[in-house]
Amino acid sequence: LSTDFADLPSIKTAKNISYGTDRRQRFDIYFPQKITKETKTVLMIHGGAWSMGDKSSKNVVQNKAAHLTKMGYIFASANYRLLPQTDPLTQKDDIKAAFEGVVRYIDKLGADKQKVILMGHSAGAHLVTLLNTSEKGDWAAVVSLDSAAYDFVELMGTAHLGFYDTIFGQKDETYLKEVSPKYKIQDKTPPMLLVCSTLRADGSCKMTEEFAKEALKYKNDVKILKVRKTHAQINDELGVDMEYTNEIAAFLEGI
């Protein structure tokens with residue numbers, strides 16, 4: 001057991017626990033002071049345009065781990081295979097395998113394996129939402145931190161950031177629908193909290209609302225949290241003592 005951040009000295013961690021054979025198929029665990037059969041877990045999936053990012057980055061972990069472990073949660077952070085080695089559909093499978101690995105791990109600790117919440121930022125937000133809408137699973141809920149990628153058919157047909165062309169530009173509409181949570185949702189899913197930035201020029205909140213409308217057709221429990229923060233701040237500042245953190249904490253407490 002060790003700790004990475006000098007200003008998180010009290011948090012015990014277990015690092016690089018394997019959930020697959022690839023070196024990217026690993027997760028880290030940050031422990032609360034006490035674990036009981038009621039202890040919930042948040043599994044964090046980093047962003048990075050499906051092609052970069054890391055589970056131990058300061059902006060992915062530090063404020064979240066500090067706040068959530070203080071609340072009594074286990075905090076897990078997972079890596080997954082990246083482009084160009086793999087594609088978003090296989091990444092979604094990695095997230096599911098990471099979830100199953102975390103469940104096995106926390107079950108041995110005596111925590112509540114029915115109360116694992118998937119959380120992701122940016123590309124990670126897309127992946128946890130895609131998993132939630134396209135597959136059945138035992139995760140308890142999903143927190144999507146500022147994905148603008150709920151509908152790739154719309155996204156690729158309107159003005160968008162250049163990196164989307166590199167990844168999705170040559171794909172046909174069938175594939176674009178296959179990676180779009182909006183087209184995959186056909187049933188009731190675990191509850192979703194969708195956070196979106198009102199500062200983004202690409203209309204992340206508009207697409208979030210359109211996805212939520214689709215999810216509500218299947219009587220899903222979907223909440224939208226619009227925040228006046230940048231895309232980066234939505235990730236970095238979660239866990240800092242402010243209304244934004246409190247609203248997400250209230251959602252987690254209700255699960």
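The values are calculated or read from the model by the stated rules, or taken from the named source; none is laboratory data. Every value quoted in this text rests on a predicted model; they were computed, and no experiment measured them. Neighbour counts run over all protein chains shown; Cβ positions are idealised from the backbone, glycine included. Ligands, DNA and RNA are excluded from the accessible area calculation, which covers all protein heavy atoms including side chains. Shrake-Rupley method; radii C 1.70, N 1.55, O 1.52, S 1.80 Å.
Details
- Residue-averaged 222 nm ellipticity for the chain, from DSSP H runs of 4+ at -39500 (n - 2.57), nearest 500: -11500 deg cm²/dmol
- Rounded to 10°, Cα long-axis angle of helix 204-216 versus longest principal axis of the chain: 90 degrees
- For the range 153-245, chymotrypsin sites (Phe, Trp or Tyr not before Pro) are listed when DSSP marks them as loop and at most 14 other Cβ atoms sit within 10 Å of their Cβ; the list is Tyr218.
- Solvent exposure of the chain amounts to 44 Å² per residue of accessible area, where only protein heavy atoms count and the probe is 1.4 Å.
- Kirkwood hydrodynamic radius (C-alpha pairs) into Stokes-Einstein, the range 87-152, 20 °C and 1.002 mPa s, D in µm²/s: 176 µm²/s
- If only the Cβ of Lys and Arg carry +1 and only the Cβ of Asp and Glu carry -1, the dipole of the range 11-77 around its Cα centre is close to 160 debye.
- 5 Å binning of all Cα-Cα separations within the range 117-176, expressed as whole percents from 0 upward: 4, 17, 26, 22, 16, 9, 5, 0
- Extension gain, Asp187-Lys219: 0.36 nm per intervening residue step, less the Cα-Cα distance, totals 10.7 nm.
- Ranking Leu238, Gly169, Ala201 by Cα position along the charge dipole of the chain, where only Lys, Arg, Asp and Glu carry charges on their C-beta atoms, puts Leu238 farthest toward the positive end.
- Residue pairs exceeding 32 angstrom between C-alpha atoms, taken from Lys55/Lys229; Lys108/Lys177; Lys113/Lys217; Lys113/Lys184; Lys92/Lys206: Lys108/Lys177.
- A simple spin-label model places pseudo-atoms 7 Å from Cα toward Cβ; at Leu109 and Leu89 they are separated by 3.4 nm.
- Note on the range 10-112: antiparallel DSSP beta bridges, both residues inside, total approximately 60 percent of the bridges counted.
- Within the chain, longest stretch free of exposed GluC sites (Glu not before Pro) [DSSP loop, at most 15 other beta carbons within 10 Å]: 136-255
- Ordering Gly48, Met156, Gly110 by Cα displacement along the dipole of the chain toward the positive end leaves Gly110 in first place; charges were set at the Cβ atoms of Lys, Arg (+1) and Asp, Glu (-1).
- Trypsin sites (Lys or Arg not before Pro) lying in DSSP loop within the range 67-170, provided at most 11 other Cβ fall within 10 Å: Lys136
- The range 178-255 shape via C-alpha gyration tensor axes, a/c threshold 1.5: oblate
- Proximal aspartates and glutamates relative to Lys64, as straight alpha-carbon distance under 12 Å, when same-chain residues fewer than 8 apart are discounted: Asp236, Glu237, Asp241
- More than 35 angstrom apart: percent of Cα pairs within the chain: 9 percent
- Reachable aspartates and glutamates from Lys171, criterion Cα separation under 16 angstrom, eight or more residues apart if same chain: Asp87, Asp151, Glu154
- Between the Cα long axis of helix 88-109 and the first principal axis of the chain there is an angle of about 20°, rounded to the nearest 10.
- The apolar share of the surface of the range 1-109, taken as the fraction of accessible area on carbon and sulfur atoms (1.4 Å probe, ligands and nucleic acids excluded), comes to 49 percent.
- Angle of helix 243-253 to the longest C-alpha principal axis of the chain, folded into 0 to 90 degrees and rounded to 10: 80°.
- Dipole magnitude of the chain about its Cα centre (Cβ charges: Lys, Arg +1; Asp, Glu -1), debye to nearest 20: 620 debye
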